[in-house]
Amino acid sequence: MISNRRKLFLWTVRGLMSLATSLTGLLTLFLVGYVLIRGIPNVSWELLSTSPSYLSDRIGILPDILNTIYIIIATLVIVLPLGVGAAVYLTEYASNKRIVGIIEYAAEALSGIPSIIYGLVGMLIFSNNMGTCLMAGALTLVIMNLPVIMRNTQESLKTVPQAYREGAFGLGAGKWRVIRTVVLPGCVDGVVTGCILSVGRILGESAALLFTAGFAHVANGFIEGLSSAGATLTVALYVYAKEQGEFEVAFAIAAILMILSLLINLSATMVTKKFQRRNQ
Amino acid sequence: MKPIITAKDLCLWYGQSQALKNIDIDIPECSITALIGPSGCGKSTFLKTLNRMNDLIPGVKITGTVKYNGTDIFAQDVNLLRKEVGMVFQKPNPFPMSIYDNVAYGPRTHGIRSKARLDEIVEQSLKDTAIWDEVKDRLKKNALGLSGGQQQRLCIARALAVQPQVLLMDEPTSALDPISTLKIEELASKLKEKYTIVIVTHNMQQALRISDRTAFFLLGELVEYGDTDQIFSNPADQRTNDYVTGRFG
């Protein structure tokens, strides 16, 4: 028989926990709802498809969208071979397990560093040498995302059964052929997940880019864009809200970013599920 | 019969612990040799030495010689050795690709590109392992969809596709049901017309049913090696007698 005091205690604990849960849920819903409600009415085709013009007093975010796309492409093109290559080396070739452990630990630690520090270092190394430009920003983002790609690929490489490697070696395949034909196809899911997570991080990054990539809103082609200063959507959001007081535009960008990151999370989940099903 | 594999004074260490002690053995061509003994006796280790799969394990040290067709296996190209001395593993391990690509993997590895030639090899290998009729309509389907027994016969076909001389089998039926086991045994008996088979088994009935020669391993030593009938009916060593009559192991 449970005493009444005990019952009251259990009931209170349960009540407090459900309160915490509903508060968390409500806060999230409020934030998403507030941004979308204030932002979406300000998203117009004109905003998305034009550049800002002082003459006609018009604000357009096309340059910022282009810059974001350019910086994502440039970062991934550099970070993918580096990250996947490092992961393959550490998992398949490296024989000194202690050094592998240290590198893995360093990579974990690297992903916990505040991004503004990456920005500071990126500014000193890249921007001071090549000027403030998207490419300097992309290189900074490469350093930031290298651990993400590397660790995801590595974890995925470890799930490729040893029996596959043995089977291929047993047929007389050399090391590289085993990696290319049996090991790498088995870790595509990790690479794809790493990519999606990286795109999410790049999309959301502002601190590191404020230092390195600049604030300009000029629509350029890919090559020209990379070599000149430019704001990505997140940086543009900061500039419009903080320095120009254009809150309609800021909320419009916020709504767009919110929807994009929801889509990215959704696709990461879907990719993971799809590969889990395939592996079963 | 002429020996195809000859080991002399073979010793093997995993780090500090010695797993094989002074093994001397001649394995005759076109026959089935069974390696028996309790767990940890070194029979699998010996089998894996024959195509140098032990190279993959760090810290392995080997002394003595193993000759395949008269040449030292440790002095030749390991990938060419493994093409000649193929391997079938304890658990069926088809690659996660189509049935066709599984069988074609080995020939492609060794440079065969012609589609017609590959088709021919795949068909012949699958026929040799008596699985052709079961899979000929779904060669492009993923091999992981086959049953365990079919997967193991596919793995044998995959090993045969590179035209080896010797087939090493590491407890190939221990993960299979009795019917699939019988199919693999029947297959092995048929394959010995063309290939030399060395099979590790925990199942003494299996050794008795299919092998011509039997080697009994204990604690890293080769205790006794002789004709299967003699080993099982009239062993020379007391320890062999105790093991084959089921007194330990």
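The values are calculated or read from the model by the stated rules, or taken from the named source; none is laboratory data. None of these values were measured; they are calculated from a predicted model. Because the Cβ atoms are built from the backbone with ideal geometry, glycine has one as well, and the counts that use them run over all protein chains shown.
Laid out as a table, the results:
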quantity: Check on B:Ala143, touching a residue at least 40 places away in the same chain (Cβ under 8 Å) and within 24 Å of B:Lys83 (Cα to Cα); calculated: yes
quantity: Test: A:Ile72 is in a helix (DSSP H, G or I) and surrounded by 14 or more Cβ atoms within 10 Å (Cβ to Cβ); calculated: yes
quantity: Count of segment A:1-10 residues which are in a helix (DSSP H, G or I), loosely packed, with under 10 Cβ neighbours inside 10 Å and not basic (Lys, Arg); calculated: 1
quantity: Segment A:95-108 residues that are without any contact (Cβ under 8 Å) to a residue 24 or more places away in the chain, paired with ones that are in a helix (DSSP H, G or I) and not β-branched (Val, Ile, Thr) (beta carbon under 8 Å, 6 or more apart); calculated: A:Val100/A:Leu90; A:Ile103/A:Leu90
quantity: Inter-residue pairs, beta-carbon under 6 Å, first in contact (Cβ under 8 Å) with a residue 40 or more places away in the chain and in segment B:111-133, second of a type in the set (Val, Ile, Thr) and crowded, with 16+ Cβ neighbours inside 10 Å, 6+ apart; calculated: B:Thr129/B:Ile156
quantity: Scope segment A:156-178; condition facing another protein chain (nearest Cβ under 7 Å) and among the basic types (Lys, Arg); matching residues; calculated: A:Arg177
quantity: Count of residues meeting criterion [in a loop (DSSP other than H, G, I, E, B), of a type in the set (A, V, I, L, M, F, W, C) and over 20 Å from A:Val235 (Cβ atoms)] in segment A:31-68; calculated: 1
quantity: Set A:Thr153, A:Thr181, A:Thr132: member being in a helix (DSSP H, G or I) and either over 24 Å from B:Asp55 (Cβ atoms) or more than 9 Å from chain B (Cβ to nearest Cβ) (or both); calculated: A:Thr153
quantity: Among the residues listed as A:Val142, A:Val84, the single one being touching a Ser or Thr at 6+ places or on another chain (Cβ under 6 Å), over 29 Å from A:Ala216 (Cβ atoms) and touching a residue at least 60 places away in the same chain (Cβ under 8 Å); calculated: A:Val84
quantity: Any hit, segment A:198-212, residues being without any contact (Cβ under 8 Å) to a residue 24 or more places away in the chain and either out of contact with any strand residue (DSSP E or B) (no Cβ under 9 Å at 6 or more places or on another chain) or in a helix (DSSP H, G or I) (or both); calculated: no
quantity: B:Leu176 being closer than 28 Å to B:Pro96 by Cβ, assigned to a loop (DSSP other than H, G, I, E, B) and not small (Gly, Ala, Ser); calculated: yes
quantity: Filter result (modelled with pLDDT of 90 or more and crowded, with 19+ Cβ neighbours inside 10 Å) within segment A:207-225; calculated: A:Ala208, A:Leu209, A:Leu210, A:Phe211, A:Thr212, A:Ala213
quantity: Hits in segment B:29-49 - residues which are out of contact with any Lys or Arg (no Cβ under 8 Å at 6 or more places or on another chain), modelled with pLDDT under 95 and closer than 18 Å to B:Lys192 by Cβ; calculated: none
quantity: Residues (away from every other protein chain (no Cβ under 11 Å) and not hydrophobic (A, V, I, L, M, F, W, C)) located in segment A:184-199; calculated: A:Asp189, A:Gly190, A:Thr193, A:Gly194, A:Ser198
quantity: Complete set of residues in segment B:206-222 that are closer than 21 Å to B:Thr45 by Cα and either crowded, with 20+ Cβ neighbours inside 10 Å or aromatic (Phe, Trp, Tyr) (or both); calculated: B:Gln206, B:Ala207, B:Ser211, B:Arg213, B:Thr214, B:Ala215, B:Phe216, B:Phe217, B:Leu218, B:Gly220, B:Leu222
quantity: Which numbered condition B:Gln16 fails, given (1) farther than 21 Å from B:Ala207 by Cβ; (2) more than 17 Å from the chain's Cα centre (by Cα); (3) touching a residue at least 12 places away in the same chain (Cβ under 8 Å); calculated: (3)
quantity: Residue match in segment B:157-169 (condition: in a helix (DSSP H, G or I) and away from chain A (no Cβ under 11 Å)); calculated: yes
quantity: Members of segment B:75-116 that are in contact with a helix residue (DSSP H, G or I) (Cβ under 8 Å, 6 or more places away or on another chain) and among the basic types (Lys, Arg); calculated: B:Arg82, B:Lys83, B:Lys91, B:Arg108
quantity: Selection status of B:Phe248, among the aromatic types (Phe, Trp, Tyr) and surrounded by fewer than 20 Cβ atoms within 10 Å (Cβ to Cβ); calculated: yes
quantity: Complete set of residues in segment B:38-78 that are part of a helix (DSSP H, G or I) and either in contact with an Asp or Glu (Cβ under 6 Å, 6 or more places away or on another chain) or touching a residue at least 24 places away in the same chain (Cβ under 8 Å) (or both); calculated: B:Lys43, B:Ser44, B:Thr45, B:Phe46, B:Leu47, B:Lys48, B:Thr49, B:Leu50, B:Met53, B:Asn54, B:Val78
quantity: Residue list for segment B:80-96, restricted to those being at the interface with another protein chain (Cβ under 8 Å from one of its Cβ atoms) and more than 21 Å from B:Thr45 (Cβ to Cβ); calculated: B:Leu80, B:Lys83, B:Pro94, B:Phe95, B:Pro96
quantity: Flag for B:Leu176 being at pLDDT 95 or above and touching a helix residue (DSSP H, G or I) at 6+ places or on another chain (Cβ under 8 Å); calculated: no
quantity: Matching option when the condition is touching an Asp or Glu at 6+ places or on another chain (Cβ under 7 Å) and under 26 Å from A:Gly174 (Cβ atoms), among B:Pro164, B:Pro172, B:Pro96; calculated: B:Pro164
quantity: Number of the condition not met by A:Pro147 [criteria: (1) of a type outside the set (Val, Ile, Thr); (2) closer than 30 Å to B:Asp170 by Cβ; (3) touching a residue at least 40 places away in the same chain (Cβ under 8 Å)]; calculated: (2)
quantity: Test: residue in segment B:42-59 that is buried (at least 17 other Cβ atoms within 10 Å of the Cβ), more than 14 Å from every other protein chain (Cβ to nearest Cβ) and of a type in the set (A, V, I, L, M); calculated: no
